[in-house]
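To start, the structure under review is shown below, and the notes come after it.
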Amino acid sequence: MTSGRKACRDRPGVVPVEAAQRDGTVRTDIDPAVTTSLIGRTALAVARAQPSSPELVDAYLCVLLRGLRPSP
């Protein structure tokens, strides 16, 4: 594992993602550090979007969360 990737894994957000993967709530084929990064970057994109709106927030979250769910 590279030092950059290790630094990502050591971030606090990774632990809840790993727990969600163990519970079957989040896909296990995506590295927890990548999932944490996707969530953080999505939040940043929503915060920077102009004009911001509740509909835009809902759209981002819907796509993100549906993509993280495991397939049945």
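Of the residues Thr42, Thr28, the single one that is within 19 Å of Pro12 (Cα to Cα), modelled with pLDDT of 90 or more and within 14 Å of the chain's Cα centre (by Cα) is Thr28. You will find that of Thr35, Thr42, the residue that is surrounded by 12 or more Cβ atoms within 10 Å (Cβ to Cβ), in contact with a Leu (Cβ under 6 Å, 6 or more places away or on another chain) and in a helix (DSSP H, G or I) is Thr42 and no other.
The values are calculated or read from the model by the stated rules, or taken from the named source; none is laboratory data. None of these values were measured; they are calculated from a predicted model. For neighbour counting, all protein chains shown are included, and Cβ atoms are generated from backbone atoms with ideal geometry for every residue, glycine included.
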